[in-house]
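Contents: one structure, followed by commentary.
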Amino acid sequence: MMVLPATALGAVFATLVFETTRAGLIETLQSDYVRTAHAFGISKLRIHSRYALRNALLPTLTIFGLEFGSLIAGALLVENAFAIPGMGRLVVQGVLSRDYPVVQACILVIVVAFVTVNLLTDAINAMVDPRVRRDRA
């Protein structure tokens, strides 16, 4: 029942995340420390999973946080296109009936969710990449 809306919503988002991960992994696998790990005889699986993928996921994590807003906007459109009851339908009905407090409340919830996801993305990015951490001087 929800296969078509989920596919419509997730296809573009998943493609962007996969392409960013792939590009980051290709770039990371060409770095000096990966060649050094190969020279030391570390297995390809361990190099890919432990060393290369961790560094390749940094841009992907950033893209995920930034694209979350597009995902919410897409969810609002998909809800209206497939007549799924949710916040998107509530916003459209509020606009059409000029119920501005409902529209403002929905927008506030969306903005708080977007800011929270971006804050969490930055915090996770700082935990994963030590170069992002700030000195406490």
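Of a type in the set (S, T, Y) and surrounded by 14 or more Cβ atoms within 10 Å (Cβ to Cβ), is that true of T60?
Taking the combined requirement at face value, the residue satisfies it.
Select from the stretch 106-137 the residues that are surrounded by 10 or more Cβ atoms within 10 Å (Cβ to Cβ) and modelled with pLDDT under 80 and list them in ascending order.
V128, D129, V132, R133
Just one of the numbered conditions (1) over 26 Å from T20 (Cβ atoms); (2) at pLDDT below 90; (3) part of a helix (DSSP H, G or I) is not true of L77; which one?
Of the numbered conditions (1) over 26 Å from T20 (Cβ atoms); (2) at pLDDT below 90; (3) part of a helix (DSSP H, G or I), the odd one out for L77 is (1).
State all residues of the stretch 34-55 that are small (G, A, S) and in a helix (DSSP H, G or I); if no residue qualifies, say none.
Answer for the stretch 34-55, where residues must be small (G, A, S) and in a helix (DSSP H, G or I): A37, A39, S49, A52.
I'm checking my understanding of the structure. Among residues of the stretch 3-57 that are in contact (Cβ under 8 Å) with a residue 60 or more places away in the chain and closer than 30 Å to A83 by Cα, which one is surrounded by the most Cβ atoms within 10 Å (Cβ to Cβ)?
That would be L9.
Just to verify a result, which residue in the stretch 80-125, among those that are part of a loop (DSSP other than H, G, I, E, B) and within 25 Å of T7 (Cβ to Cβ), is nearest to the chain's Cα centre (by Cα)?
G86
The values are calculated or read from the model by the stated rules, or taken from the named source; none is laboratory data. Here the structure is a predicted model, which is why all the values come from computation and not from measurement. Neighbour counts run over all protein chains shown; Cβ positions are idealised from the backbone, glycine included.
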